[in-house]
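To start, the structure under review is shown below, and the notes come after it.
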Amino acid sequence: MKLPSFGHDARVNTLICCGHTLSHFYILMMPTMFLAWQRAFDASFAELGAAVAVMSGTTAVVQTPIGFLVDRFGARRFLIGGTLVMTLSVSLMGVATSFWQIVLLAMLSGLGNAVFHPADYAILSGSIHPSRLGRSFAIHTFVGHVGFASAPPVTAALIWLFGWRATLLTLGLVGIPVVLAIIWQSRILNDQKRAPSALGAVADAKMLLSPSIMLFFGFFMTSSMAGSGIQSWLITVLHTGHGLSIEAASSALTGFMVGTMSGVLVGGWFADRSDRHFLFVTALTLVGSALILVVNYTALPQVVTVALLFLTGHLIGASRTPRDVMVKDAAPPGQIGKVFGFVSSGLALGGAIMPIPYGMLIDAGRPELVLILVAVLWLTGLLFAGSARASTAPAAVPVPAE
């Protein structure tokens, strides 16, 4: 007997989101290990940072090639294999005897982590009814934020209770039941409808370099560049530039992040009820940019600053799911894996290139320029998105002949 649609969608979302939560959890678990690794291996801070850089860099580099493989061979096998590689790599870090082993395992974990965006979006697009796809995309993004938010406190508590080696072994093995559940329920994970290319890999690569996809890549990259300014430097900016206490500035950052998480769910609800995605994203981004400038230029009570940053985060978060749906709509049939793999690389690139320039502005005694640059990048992202929408047409991207 066929299960009700709601039960099917709920199971698909649960399977996909468990793996996505772990992937984000493991990313922010790594920095929480730094002090323990420094004592155990006498590693420098540069070496510790290299482990995270290798993990993130590997994910960024191989995401697009994995997207090609997902589109050609199907997503399920890569989702299973990637999750298994990622979780076993984390567990093996717990028995490392030298720091180079940590770096090597971080690279392998990054390789496993690279499957999630191409495979997840391909499966969701093929398994969830179009009328509920926006909410599924929103839940997918939301649980990624949950993974980020929960990693530092959970990891720190486990290190305090059991030590870093037992913590890594335990957290890595948590992924094994997720892998087994995906295998057990794999029959409900329907892949996207694939349209085998008669034009070959060269034509597929040209598709990624088409104006619409490149512009969406720029949209994702500038969004990440702006986000890195908030995540990395908001506390410093509010403390040094506005005189907020560290506690109040930290609360403001927490408010922004909580607002972002709640906004993602609102954006998913909207994406399923309207096709005016770009108009929605534009309005929210314009208001969010204005609010961040109000915080930057106005002397406000601490509670008002926290409230405005919560609202800013909520607006920016709500714009993310319609953004993802626009990318899905721009992808030719059967090409969702490589398209999301490619544009998601823009997120990693944007997050990697901006922390140092922001820090240079603060070193130069101009912390107020950080939030101005954040607003400018958000608005620049709108130009990319608008141009991408304008260039997206049936003939804009080569589609293989049937």
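Between ALA166 and TRP100, the contour length at 0.36 nm per residue exceeds the Cα-Cα span by 21.8 nm. Simple spin-label estimate for LYS206 and ARG132 gives 4.0 nm between the two label positions (7 Å along the Cα-to-Cβ direction from each Cα). Between ARG323, ARG273, ARG132, the GNM of the chain built on Cα springs shorter than 10 angstrom shows ARG273 fluctuating the most. Using the average count of surrounding beta-carbon atoms within 10 Å as a protection proxy, the listed peptides 136-144, 355-363 rank, highest first, as 136-144, 355-363. Can you bin the range 218-259 into rounded, prolate or oblate? Criterion: square roots of the alpha carbon gyration tensor eigenvalues sorted a ≥ b ≥ c, rounded for a/c under 1.5, prolate for a/b above b/c, oblate for the rest. Oblate is the answer for the range 218-259, as a/c is 1.5 or above yet b/c matches or exceeds a/b. Approximating the spin labels as points 7 Å out from Cα along Cα→Cβ, the THR240-to-ARG72 distance works out to 4.9 nm. Using the Cα coordinates of the range 5-188, the gyration tensor eigenvalues translate into equivalent-ellipsoid semi-axes of 30, 17, 14 Å, sorted from longest to shortest. One chain, two ends: ALA352 and HIS8. Fully extended at 0.36 nm per residue, the span grows by 120.1 nm beyond their Cα-Cα distance.
With neighbours defined as other Cβ atoms within 10 Å of a residue's Cβ, the residues VAL178, VAL287, VAL370 order from fewest to most as VAL287, VAL178, VAL370.
Here the spin labels are modelled as points 7 Å beyond Cα on the Cα-Cβ line, and at ALA46 and ILE183 they lie 4.4 nm apart.
Of the residues TRP269, TRP37, the one with the fewest other Cβ atoms within 10 Å heads the list, and the complete ranking is TRP269, TRP37. Comparing SER319, SER391, SER44 in a Gaussian network model of the chain, where Cα atoms under 10 Å apart are tied by springs, the biggest mean-square fluctuation is seen for SER44. Each helix, a run of at least 4 DSSP H residues, gives -39500 (n - 2.57); summed and divided by the residues of the chain, these come to -27500 deg cm²/dmol at 222 nm. Using a cutoff of 8 angstrom between alpha carbon atoms and counting only pairs six or more residues apart, the relative contact order for the chain works out to 25 percent.
Values [x] -0.40, -0.60, -0.82; [y] -0.28, -0.50, -0.92; [z] -0.24, -0.43, -0.82 are given for comparison; log10 I(q)/I(0) by the Debye sum over Cα atoms at q = 0.06, 0.08, 0.11 Å⁻¹, derived from the coordinates here, is the one labelled [z].
Below 8 Å, C-alpha to C-alpha, sequence gap of six or more: please give me the relative contact order for the range 5-188 in percent. Rounded, it is 39 percent for the range 5-188.
No value in this document is a laboratory result; all are computed from the given coordinates. Only a predicted model underlies this, so the values are computations on that prediction, with no experimental measurement involved. Heads up, the Cβs are rebuilt from the backbone with ideal geometry, glycines too, and the neighbour counts pull from every protein chain shown.
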